Amino acid sequence: MTAASATSMSDGFETITSAKRKRDPVLIGLWIALFLVAAIWLAPFIFIVFTSLKTQADVTTTGAFMPPLDPAFENYSSAWGRGNFANAFLNSAIITVIKVPLGLILSAMAAYALAKIRMRFGKLLLLAVIFGTMIPFQVMLAPLFTLVNSLGLIDTYPGVILPYIAFGVPYQVFILHGFFKGIPKELSEAALIDGASHFIIFRRIFLPVCLPVLAALLILDFVSTWNEFAMALVLLQDQHMWTLPLGLMSFQGQFSNDYGQLNAAIVMTVLPATIVYLIFQRYFVSGLTSGAVKG
């Protein structure tokens, strides 16, 4: 190794070292902002978990973010029985397991048809479907109750699942339609020339390609369906048909509140949605961005 090359390597090493020593103020600001936002989001969750492990006396005598010295795990078993969560959990599971996959399949098929099959009023039909995303379901609760009641579906699984699908399909079609439009049309045209039908093209080509988007939509749809309260409150009058969010009402009394059991019930309610998110979270960002920006 010559003296010149050694000097050059030394200069390069010093340049890299000085660059490492220089901290980018923008990056530092972003990290600080990230920690602040994370703290804001985590604070309520920490409060709920700590309170769920405290007795009623500890709740009133200790600070909100003080960890429980003697965890009261019996709050969970008591909350499970008081809220009739065995029955409520089964109802939520049945409604969510049927609604989410069925809604995604219908949305994917509708989005494929609107994006890849030439129709005379295709754009008008797409606008009509997307218009559904602009209507808040709260304003539709009264006519929705009248319709479901006239069909005799109050306090039944179809009476809740069908409205859930109706209000969930529009935004799913909107996202999937943008994703399908971004796929080159030569792909489907080549398959059509080879004799494949649109259903075969959808099932064997487009469905595998859009799996990341479907995984992202599955997370969003699962969480929104699992935690939905207002529509279930209107359409499920019988307590034996209540879902988990409705079961939380059992812990709110006029003269007494057990905050330990209430927060234990909240933890048990959000836990399944958290597990589903952790399973599919790696598809979440890539799936949403790929479906949202292509048009």
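Laid out as a table, the results:
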{"item": "Selection within the range 235-251 - open to solvent by less than 10 Å² (accessible area, probe 1.4 Å) and either in contact with a strand residue (DSSP E or B) (Cβ under 8 Å, 6 or more places away or on another chain) or closer than 9 Å to Asp155 by Cα (or both)", "result": "Leu235, Leu236, Phe251"}
{"item": "Contacts under 6 angstrom Cβ, first residue in the range 23-37 being open to solvent by 100 Å² or more (accessible area, probe 1.4 Å), partner outside any helix (DSSP H, G or I) and among the aromatic types (Phe, Trp, Tyr), 6 or more apart", "result": "none"}
{"item": "Filter result for Phe206 (open to solvent by 70 Å² or more (accessible area, probe 1.4 Å), more than 14 Å from the chain's Cα centre (by Cα) and hydrophobic (A, V, I, L, M, F, W, C))", "result": "no"}
{"item": "Some residue of the range 169-177 being exposed (fewer than 12 other Cβ atoms within 10 Å of the Cβ) and either aromatic (Phe, Trp, Tyr) or over 24 Å from the mean Cα position of the chain (by Cα) (or both)", "result": "no"}
{"item": "Among the residues listed as Phe85, Phe89, the single one being within 23 Å of the chain's Cα centre (by Cα) and at pLDDT below 90", "result": "Phe85"}
{"item": "Close pairs from the range 171-193: first closer than 24 Å to Leu217 by Cα, partner outside any helix (DSSP H, G or I) and open to solvent by less than 80 Å² (accessible area, probe 1.4 Å), Cβ under 6 Å, at least 6 apart", "result": "Phe179/Cys210"}
{"item": "Criterion violated by Leu106 - all others in (1) surrounded by 11 or more Cβ atoms within 10 Å (Cβ to Cβ); (2) farther than 24 Å from Ser188 by Cβ satisfied", "result": "(2)"}
{"item": "Helices (runs of 4 or more DSSP H) (entirely within the range 60-148) containing at least 3 residues that are touching a residue at least 60 places away in the same chain (Cβ under 8 Å)", "result": "74-82, 85-116"}
{"item": "Residue within the range 77-99 that is out of contact with any Pro (no Cβ under 9 Å at 6 or more places or on another chain), more than 27 Å from Tyr259 (Cβ to Cβ) and among the basic types (Lys, Arg) present", "result": "yes"}
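The values are calculated or read from the model by the stated rules, or taken from the named source; none is laboratory data. Quantities reported herein were computed from a predicted structural model and do not represent experimental measurements. Cβ: placed from backbone, ideal geometry, glycine included. Neighbour counts: every protein chain shown. Surface accessibility is based on the protein's heavy atoms, side chains included, excluding ligands, DNA and RNA. Shrake-Rupley method; radii C 1.70, N 1.55, O 1.52, S 1.80 Å.
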